[in-house]
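The values are calculated or read from the model by the stated rules, or taken from the named source; none is laboratory data. Note that the coordinates shown come from a computational prediction; the quantities given were computed from them, not determined experimentally. Here Cβ is always computed from backbone atoms with ideal geometry, including for glycine, and neighbour counts include all displayed protein chains. The protein model used for the area step is the full one, side chains on, heavy atoms only, and it has no ligands, DNA or RNA in it. Shrake-Rupley method; radii C 1.70, N 1.55, O 1.52, S 1.80 Å.
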Amino acid sequence: MEVGSATTVPLVVQHNALVNARFNMSALEMRFFLAMLNRINRDDATFAVCEVQVREICSGSSSNAIYTEVREMVRSIGKQALFIEALSPDGKRVKNPDVLTLPLMGIARYISKTGVVEASFNENIRPYLLELRDNFTKAQLSQLLKLKSPVSHRIYWLLREYAAFGKRVIGLAELRNVLGLTTEYQDRFDHFRERVLNRAQSELAETDLPFTYELIKQGRVITEIRFLFAPAESTGIAAAAVEPTGWEAAVLAVGVGEKSLPAIRSQLESGMYDEGYIQFVLQTVRAKVVQGKVKKEGGAVFKALTEGYMLADYHKQLAGAEIKKQKSAKKSIVGPSVKIRLEDAEAAYETMRKKGKAPASFTENLEQTYISQGFVLVQNDTGNWLIKD
């Protein structure tokens, strides 16, 4: 998606769900996909039928072999399907989403007389490419055109999504799935490392997103890849030209830098917390500023939002608020007044544990945070619950 102006370099944009979708393209298909993205304008509400010259995606070659390859590419990409997460009605990512299978192209045909591919995207993928206001990742077209391997393109986008952090940890199985390599290199990780990771590292070294990586093991088994790269502040890609509103405006008002917003937005999209937690952090930090316990309000807010160390207190507040609400309503109902899914409590614990802010075990956390407050563990046909009468 081209979103540049006369004074900026051309940018292409995808929804983050598309960045993380499962699909596998050839090099020629990927160049064609890029050419199509570059033809989308910021204000487009529908997909137009575009014309892509063969020479644009084949470096100007006019050999008969190239035109044969393009003809085969059109057939292949016309069958290309995306395995992609479903979005909410307002175009946002959701926790535990359904997975959709969507055709990439609406039409695609090769016109041999003029050496043109005529195509348009499938209208069902409109939420992932058009009228994007948040939850998206953008990249410089000139940088993407330096990449030769399709997996290098995909890895570039995966890292670009986390540009504000300067690192991204991806499970090996998840990475294989996103790249469409669920069957390749299963028996020999050294082949995967050489042909995928090392190749991408070599190609991205020539772009604005060079990286190193580390292998994370459980015992002797490699389970995750930790990618490390320069954070967004030094990459030179401008922030989205959208006037901040809501939580963004509130966070900016306390001194958090605009370049830090993508990091916070990524936490929201990942389901680490909801916008209520942001308001909780703002109120808590403000109180500490008034008390003289915090000097740099913006820094304290950013740390709490990116590390999530106030989540346990936030959940306690929610539970307490629900109890007060039930008491004030004076409803004579039979059953519990407060219910928390055990899996939600465990997810909050895991977040805190990774930050080193939680007890050694989930059992201890249950005792300290819930059981000591009067909650009991109940199992019924709807699942496991922490319930307080």
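Is it the case, given these coordinates, that Gln379 is open to solvent by 30 Å² or more (accessible area, probe 1.4 Å), outside any helix (DSSP H, G or I) and either within 19 Å of Gly271 (Cα to Cα) or modelled with pLDDT of 70 or more (or both)? So Gln379 passes the test. Whether any residue in segment 208-218 is in contact with a Lys or Arg (Cβ under 8 Å, 6 or more places away or on another chain), within 22 Å of Gln14 (Cα to Cα) and crowded, with 20+ Cβ neighbours inside 10 Å is what I want to check. Yes; the residues of segment 208-218 include at least one that is in contact with a Lys or Arg (Cβ under 8 Å, 6 or more places away or on another chain), within 22 Å of Gln14 (Cα to Cα) and crowded, with 20+ Cβ neighbours inside 10 Å.
Look at (1) over 23 Å from the mean Cα position of the chain (by Cα); (2) open to solvent by less than 40 Å² (accessible area, probe 1.4 Å) and you find that Leu37 fails only one, number (1).
Taking the criterion of being modelled with pLDDT under 95 and either open to solvent by 60 Å² or more (accessible area, probe 1.4 Å) or part of a loop (DSSP other than H, G, I, E, B) (or both), would at least one residue in segment 12-19 satisfy it? Scanning segment 12-19, I find no residue that is modelled with pLDDT under 95 and either open to solvent by 60 Å² or more (accessible area, probe 1.4 Å) or part of a loop (DSSP other than H, G, I, E, B) (or both), so the answer is no. When you go through Lys331, Lys296, Lys316 one by one, which is the residue that is modelled with pLDDT under 80 and either open to solvent by less than 90 Å² (accessible area, probe 1.4 Å) or more than 27 Å from the chain's Cα centre (by Cα) (or both)? Just a single option satisfies the conditions, and that option is Lys331.
Every condition in (1) at pLDDT 80 or above; (2) under 18 Å from Tyr277 (Cα atoms) holds for Ile387 except the one numbered (2).
The number of residues in segment 253-299 being within 25 Å of Ala321 (Cα to Cα), hydrophobic (A, V, I, L, M, F, W, C) and free of Cβ contacts under 8 Å to residues at least 24 places away in the same chain comes to 4. Among the residues of segment 355-373, those identified as aliphatic (A, V, I, L, M) and over 15 Å from Ile387 (Cα atoms) are Ala358, Ala360.
A quick yes/no check of all residues on (1) open to solvent by 10 Å² or more (accessible area, probe 1.4 Å); (2) within 30 Å of Gln218 (Cβ to Cβ):
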{"position": "Asn124", "(1), (2)": "yes, no"}
{"position": "Arg133", "(1), (2)": "yes, no"}
{"position": "Ala139", "(1), (2)": "no, no"}
{"position": "Gln143", "(1), (2)": "yes, no"}
{"position": "Pro150", "(1), (2)": "yes, yes"}
{"position": "Leu158", "(1), (2)": "no, yes"}
{"position": "Tyr162", "(1), (2)": "yes, yes"}
{"position": "Arg168", "(1), (2)": "yes, yes"}
{"position": "Ala173", "(1), (2)": "yes, yes"}
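Going through (1) part of a helix (DSSP H, G or I); (2) at pLDDT 90 or above; (3) among the small types (Gly, Ala, Ser) one by one, Ala65 falls short only on (2).
Filtering segment 175-207 down to residues that are of a type in the set (Lys, Arg) and either under 25 Å from Ile84 (Cα atoms) or assigned to a helix (DSSP H, G or I) (or both), which residue is least open to solvent (accessible area, probe 1.4 Å)? Result: Arg176.
Candidates in segment 159-169 are the residues that are in contact with a helix residue (DSSP H, G or I) (Cβ under 7 Å, 6 or more places away or on another chain) and either among the hydrophobic types (A, V, I, L, M, F, W, C) or assigned to a helix (DSSP H, G or I) (or both); of these, the one that is modelled with the highest pLDDT is Glu161. Which of the residues belonging to segment 66-107 are within 30 Å of Arg55 (Cβ to Cβ) and open to solvent by 60 Å² or more (accessible area, probe 1.4 Å)? Hits for segment 66-107 are Tyr67, Thr68, Glu69, Arg71, Glu72, Arg75, Lys79, Pro103, Ile107. Within segment 162-180, residues that are under 27 Å from Phe302 (Cβ atoms) sit with their Cβ atoms under 8 Å from residues that are surrounded by fewer than 17 Cβ atoms within 10 Å (Cβ to Cβ) and among the small types (Gly, Ala, Ser), at 6+ positions apart or across chains, in these pairs: Gly166/Ala230.
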